[in-house]
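Following: one structure in structure tokens, then a few remarks.
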Amino acid sequence: MRRTPMCHRHASPVRCLPAVVDLEYPGGTLPAEGYRCPRCGHELFDAEQVEQAQKRARELGLHGIERSSRRKLRQVGSSLSVTLDPELLRELFPHAKAGDEVEVGREGSRIVIRPVRAHSKRDRSAA
Ligand SMILES: [Zn+2]
């Protein structure tokens, strides 16, 4: 069971109340579970709430572009290619290796790269 946090901005601590708190991210606002001091409005989160909000914000892409780096486009035959930062690649696709397939497409004005899952290789050979 969660312990309700206390607001220590007062002569004696005030018990905070559960509240939905709007968190601002570069990509938008995320309403998240937290606590608010009924006396001064100070907003607090416990560790689990912080973790959940961060996870949700990441899923929704609210952090904007994370870990961005500048890369150069290179001519490969008639296409342009870009190399990927190995550390960034390892973070998201830890088992990626040369020759693996990725799906590349657009999401609004962004280019998105994601791994092709093992089971969808069958779809490709059927086509
Ligand atoms: Zn307070």
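General remarks:
- For segment 24-36, 3J(HN,Hα) per residue [Karplus equation, 6.51 cos²θ - 1.76 cosθ + 1.60, θ = phi - 60°, Hz, x = Gly/Pro]: 8, 10, x, x, x, 9, 10, x, 9, 6, x, 9, 9
- Net charge, CYS40 excluded, C-beta distance under 14 Å - Lys, Arg +1, Asp, Glu -1: +3
- Shape category assigned to the chain from the gyration tensor of Cα positions, a/c cut at 1.5: prolate
- Radius 15 Å from Cβ of GLY61, net charge of other residues (Lys, Arg +1; Asp, Glu -1): +3
- Considering only alpha-carbon pairs that sit under 8 angstrom and 6 or more positions apart, the relative contact order computed for the chain is 12 percent.
- Gyration tensor (alpha-carbon) shape descriptor, segment 6-59, a/c threshold 1.5: prolate
- When the chain is treated as a Gaussian network with alpha carbon springs shorter than 10 Å, the biggest mean-square fluctuation among ARG74, ARG106, ARG36 belongs to ARG106.
FYI, it's all coordinate maths here, none of it is from the lab. Quick caveat, the model's predicted, so the values are computed rather than measured. Cβ sites come from the backbone with ideal geometry, for glycine too, and all protein chains shown count toward neighbours.
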